[in-house]
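Worksheet: one structure, shown below.
Please treat every number below as a calculation from the coordinates, not as lab data. Worth saying up front: this structure is predicted, and the values here are computed from it rather than measured. Note that we place each Cβ from the backbone using ideal geometry, even for glycine, and neighbour counts take in every protein chain shown.
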Amino acid sequence: MIKNALIIFIFSCLLLCNYAYAVPPKIEGRYIELQNTYTSPIWTKINFQQQYITPPAVFMLSTNQGGNPAIIRIRNITTTGFEALPLEPSGEDGGHISMGAHYLAVEYGVHEFPDGTVMEVGSTDLQLELQYGSKSGFSPLTPKGYKSLVFAEPFTQRPNFFHSLQTLNSIDSNPPSQALIPFLTIAVESGSLSTSGVNVALEASETALGIIKNETIAYMAVEPGSNRTFSDDNGIEVSWETFFTGFEVDGWSNGCNYFNFTNDFSVAPLVVASKNSRLEDDGGWLRSCNLRTDRLGLVVDEDRDGDNERNHVKEEASILAMTSTFVFNGDILDCDTLFPGAISTYNNGEVQLVQGVEITDGNAQFVTTTNLISTALTNPPLCNGQGCVASGYNSLEANQAAQVPTVTNDGSSTGPIPTSLAGDYFYDELQLSMLETQYKVTAPTRIFLKDTTSLISTSFLNIGRTNIEVETGAYLAIYVDGAIAIAADANISAYIVATGEVRIAQNVSYQGSITSATQVITEGSSTFDAITVPESIPGFCGIYKPVTLDHYRLSMSDNTGLTCEAKEMTLTACANDACDLLFDEPSSLNLSPDNSGQQSWVTGENINFTGSTSVEFAKRTTGSVTFGYNTADPSAPLRCYIAGNNVGLSGCKVTFSDAGFIFNNETDGNTTIPTQLSAKPSNTGFNAKALSIQAVKTNTTTGVCEAAFPAGGDVNLDLAYTCSAGASCTDPIVLSNNNNDYSVEQAYQTFTINFDNDSKAPIIINYPDAGKLSLNVKTNLILDPVTNLSVNLTGSSNEYVVKPFGLAMSVENDGYATDANGSLFRLTGEAFNLKMNAVQWLSGQDTNNDGYPDNYSNINSNPIAKHFITEQPLVAATIKAPLSGVSGTLEAMSNVAFSDTGDLSESVSQYNYDQVGIVDLIAGLQDADYFGAGDVKGALYNVGRFAPSQFQILGIQAAAQCTRYGSNLTYLEQPFELSFTVQAQNQNNQLMANYRDGFDKSLVSINAENNEAGNYIPATSFTSRLVNLGNSNWGDISDGQWQMSELNTTLERLGVGQPDGPFAMVSLMATVTNIEGAMLVDANEKPSTQAACTTDCDSLTLNTLPIQFRFGRLVLGNNAGSDLDPLLIPMQAQYYNGSGFVNNADDNCSVFEHPQITQVSPSSPQLSYEYGAGGAGQLESGSYPANNGIYAQPNGLGEFTLEYNTYDWLKWDWQGDGTQLNPHAILQFGRFRGNDRVIYWRETRE
């Protein structure tokens, strides 16, 4: 069965058995205003500020708004929101005035905050457990009782205990139009709250009888404490405390009881409170009164059904106070952590790679695993074109692994996996298969598989030879509590997490990521390409931040209107509390009041819109009108703002008069002042309009507006302006009329305004700063000079936006470069400050009148447009150099909103860039919208130069040629392999492909030195003897890499017949210089410095163990014996020990083989040869191994001279004439040799 949302799962009161992996909770809170159910008897929908994996617990404290008994009840809690309303008990009429209150939403579980505070949030179901008073309709026959809750782990002291009904299943009436029957709250048995648990029940108080169905309550337990803090997702420090009141909370009629906070709150905090005792049979519930920054007032309210009294004995309560508005996603596993590359393991799992496997991701040659096995003899596996290496660490720590999955698999999906995939699938089966030839993923899809149906308790997913096609915007994520097999030739695109083995057959093309807790086993010629991981995969990882509807906002410039003209208002669907982010999906509202003969919504009573729209209401008679809505889809609270102030729903009214002022847009023939630019006159450039003020009155015959002033003349008017909600204003608006400039402030001032022959006063307005404004005008008009009869005329313009002309941007003085020769600005990953200021318009900088600068380089000296605040900048980088370079990522390390600090309207945010080169920085706003007037943009050109933050040496091949039996020997002039790759990398170990075309500044060299105590030879003296090093340059093979691969590198002898050494501790090192302050990863050497390198190391030792380099030669010995027996040809490897040649006991590698023997004389007969052990071999300790050697077979009597064709590095100047020769030996068949002290053939004495 396909699910369109993640499974809703209500926890029982039995939570996790311990705190082993307790993490901070996903939690949020804010203030909301609930509907007045007298005028709009509908439930208020509240959307969460984030999406939860499972529906959270919600707590709300009822306030004392409205004199009738009432409590806020909650219903329909989902992962995205809930519904709430104040409901009244039996004995009341049901309707209740608007009630404003905070809500607290927190996910279920045992949570530990960063300061160590443990909070337990759980739930339980109640139905038969009931308490009530003697006057209740449930009395006397209904059984009473409590249910015991046991906390997951005992607390160290008695915790504060909070409770809230989460469902509304028991309904025998029609609330909110009627009183709620049965009316239920929660009772806590007096004295039952302890460190280990508590007893709870449903509470009916003294209300009417009704049928009780199963109800779910949520509870929250946390030890008392104050001055607790944590930072939310927006960087806001959330301060909170919990405490007991003692037995000090009495009844509604007894008056408000005050309890002081310990924390210092700057605004009135979010509060939650619950009764922790039941000392009076009347029951009752808590309501708040007079909440302030320093205290909370509480009373116990009672119903008036059984009797009218609302007194109550003193009860005990728990109070939680927390910063008013916040949202915190908790300790969420990042998706890039769960899927760090194409293949990864955790729990010390293992990755097996075979021949032909290719991995492409952003991890260079590393595979995220602690165990990597490569079984390839040829065509070895490659990771990003290099030999694969284990990273040495797990992709997940134990506590992170415990978080996956975050959703409960209820096994609700049955049958085969559909071929068209979208949504969520939950399987509880031993084995599941995907064997169709093709699967299409049309939307984000998550498949969860477990097995509780068998004794094995582990599942198996079999993916056959199939093609999984994922459409744009979709993805496929699979979690298997068990093993997975993928058949040969499959084409897969998915993100996989498995607790068991993942086995991939040959020739599989895999796009995505695989993470296993045990093993990932590959077969030949499969390719694995990592693709970008979504920021959030619900149930797996990441923070999902949906753009949800927070509230509707009705805004108007003032609370006055004209009967001859419709009142213009703005209706906005707000996605957050501040309404600086708009809800981007369609909304539908039925506005109130309803249309009638004398009043109507000109734009329609039913409004369909997205984001924001203008609405107009016309009233043809004088009087006041209160605005609201009857229905809304999606549902959300309504807020009303007049002149920038939240007036509450009861204050959302306009008074209509027969005369007043209007502001005309003469150019467009309407009354709308369009968006303006800071410091730009309204009659110039972008949105240039001819504006005027006109005094009008309603024509008693036609009902339309007509001039109220005689034509021409000067009139004294009181002018002011209003700064809208969310804006800040200080400077005056310059209003020009009749060649006079007036400074209009927020307080009314009197100005003499000239009206033309059309009874209009032409005006030009110019505001130097940024904001959302409306102009206000009023005067007292004398209608009859004799009787002094007068009328007050008022009027306001629409709210119009004045936005900055642009964003002037700058970095430090060294932050600019035009080409690769420019100075270094930052290494990749290094932070830099980007300063942005909102600036005013200047003439000549917007020649096309589009409202944006023609060239952003020209606005850096423009005056500041003050009060551009709270907007979040959004900055991107585009590559400028090198040409056709790879674009990097500009990361916002701290994204600071604009505020009136520093130079005013300023944001100083911190960024880093992760690629080499020079970039242009392009800026705008996060939501690309300033008060609905569009984006404010900026650009900064030629920022750089950026250079690699590190260099890493990889793929090293540099070892002694003879390592058999513990030797570590190479002879002078013996060729050895020396190969390695230097990569220019960023802070994320990613290859810098732009390190080319002059940006490649570093120099790579190879050095050698002998670190032997008493025989130290520095690199300055020793390196020159290294030959055959090739001639490598950056980018010879691929951009961003310097590669050397030589098979014939040697350390030269001084000359023929010039032995030296031995060199017992030779280090070969790669030296990387001119790296501009970057790091050479694992650098451990500095050439020509014998002491251990601890700082300023610029080299990496290439050989793991020191190599012994020796001047060597191979010696053949003479031998004599019977002409009937084979004769051994003695052989010994020797080296020069500083004074003479001695046996080289470390040579366990030189090969002996008789085809290398040449008989010098006589020409005949020719000897033949055999091995002592039947075949060629290697020397051991410088000589033949036991039971093996080369033997000459007898072929008659005589003396035979032999030559052995040895390696060049074992030849020697035997004749002292400067030529290197092979060793010789004389064999004598037919005589026995004595101790004749014959020296080697023509060896010169030294």
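The Cα atoms of the stretch 973-1109 define a convex hull whose projected area, averaged across directions, is 8.9 nm². With the charge dipole of the chain set up from +1 on Lys and Arg Cβ and -1 on Asp and Glu Cβ about the Cα centre, the Cα lying farthest toward the positive end among the listed residues 1070, 1134, 963 is that of 1134. Peptides 865-875, 519-529, 1046-1056 ranked from most to least packed, by the mean per-residue count of other Cβ atoms within 10 Å: 865-875, 519-529, 1046-1056.
Toward the positive end of the charge dipole of the chain, with +1 on the Cβ of Lys and Arg and -1 on the Cβ of Asp and Glu, the farthest Cα among 149, 991, 81 is that of 991.
Counting other Cβ atoms within 10 Å as a rough exposure proxy, the listed residues 639, 310, 295 run 295, 310, 639 from fewest neighbours to most.
Beyond 27 Å in Cα-Cα separation lie the following of the pairs 835/866; 619/866; 772/937; 45/619; 653/760: 619/866; 45/619; 653/760.
Once the dipole of the stretch 315-382 is set up with Lys and Arg at +1 and Asp and Glu at -1 on Cβ about the Cα centre, which of 380, 333, 353 lies farthest towards its positive end? Projecting each Cα onto the dipole axis, the largest value belongs to 380.
Placing +1 on the Cβ of every Lys and Arg and -1 on the Cβ of every Asp and Glu, with no other charges, gives the stretch 658-803 a dipole of roughly 300 debye about its Cα centre. Taken about its Cα centre, the chain carries a charge dipole of about 380 debye when Lys and Arg each add +1 at the Cβ and Asp and Glu each add -1 at the Cβ.
Seen from residue 683, the other residues with C-beta closer than 11 Å to its C-beta sum to a net charge of +1, counting Lys and Arg as +1 and Asp and Glu as -1.
Express as a percent, rounded to the nearest 5, the fraction of DSSP beta bridges in the chain (both residues included) that run antiparallel. Mind showing how you got there, number by number?
On the way: 251 of 345 bridges.
The antiparallel fraction comes to roughly 75 percent.
Across the stretch 335-529, the relative contact order, built from alpha-carbon pairs under 8 Å that are at least six residues apart, equals 22 percent. Over the stretch 992-1101, Cα pairs under 8 Å with separation of 6+ residues give a relative contact order of 31 percent.
Descending by average beta-carbon neighbour count within 10 Å, the peptides 93-99, 695-701, 1164-1170 line up as 93-99, 695-701, 1164-1170, the highest first. Counting Lys and Arg as +1 and Asp and Glu as -1 over every other residue whose Cβ lies under 13 Å from the Cβ of residue 957, the net charge comes to -2. Take each peptide in 436-448, 360-372, count the other Cβ atoms within 10 Å of every residue, and average; sorted highest first, the result is 360-372, 436-448. Annotation: extensible slack from residue 157 through residue 843 equals 239.9 nm (criterion: 0.36 nm per residue apart, minus Cα-Cα distance). Fewest-first ordering of 230, 931 by other beta carbons within 10 Å of each residue's beta carbon gives 230, 931. Its DSSP H runs of at least 4 residues, each contributing -39,500 (n - 2.57), put the calculated 222 nm mean residue ellipticity of the chain at 0 deg cm²/dmol, to the nearest 500.
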